[in-house]
Amino acid sequence: MRSITIDNDTRELTRLMSFTEEVAKEYRLSHEEVMQLQLALEEVVVNIISYAYSPDAHELIYISAEGDKEHITLCIRDYGIAFDPTEIKDADVNLAAEERAIGGLGIYLIRQLVDTIEYRRSEGYNILRLTKILKHK
């Protein structure tokens, strides 16, 4: 298992991308799988930074990765405002951009990039688990 702790600051995204590259090497992910996990993780973390804390808060976000030959799971924990993305309906991507309701597109994207999304709130933490089934090479 690998883990990283980052500040709730978008300047930390570079470290986050380096972390996913290290995970990719360890679990021998394909280029496509790396890109999918990076995009999903970036979307989650940017949303935490943007919405879970007040703008002047100095809080931490905890990310871990574990897996095997079959799958990889990213676990993201934060102390921010409780938010369960599994309860959000998918954005209607068939509508024109100006006709769509605001929000939900990022969650839709994450659902397209990973195979399962699990959420729970425990001891003041939001705990989000993103699991991707790996392709056999």
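The values are calculated or read from the model by the stated rules, or taken from the named source; none is laboratory data. Note that the structure is a prediction, hence the values are computed from the model and not measured. The area values use the complete protein model at the heavy-atom level, side chains included, leaving out ligands, DNA and RNA. Shrake-Rupley method; radii C 1.70, N 1.55, O 1.52, S 1.80 Å.
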Considering every pair of different Cα atoms, what Kirkwood radius, in Å, is found for the chain? 15.5
Of HIS58, HIS31, HIS71, which has the most accessible area and how do the rest follow, probe 1.4 Å? HIS58, HIS31, HIS71
Probe radius 1.4 Å, ligands and nucleic acids ignored: give me the carbon and sulfur share of the accessible area of the chain as a rounded percent. 51
In terms of solvent-accessible area of protein heavy atoms at a 1.4 angstrom probe, what is the ranking of GLU123, GLU33, GLU12, highest value first? GLU123, GLU12, GLU33
Given a 1.4 Å probe, how much area per residue of the range 35-82 is accessible, in Å²? 50
With only helices counted (DSSP H, runs n ≥ 4, each -39500 (n - 2.57)), the per-residue ellipticity at 222 nm for the chain, to the nearest 500, works out to -9500 deg cm²/dmol
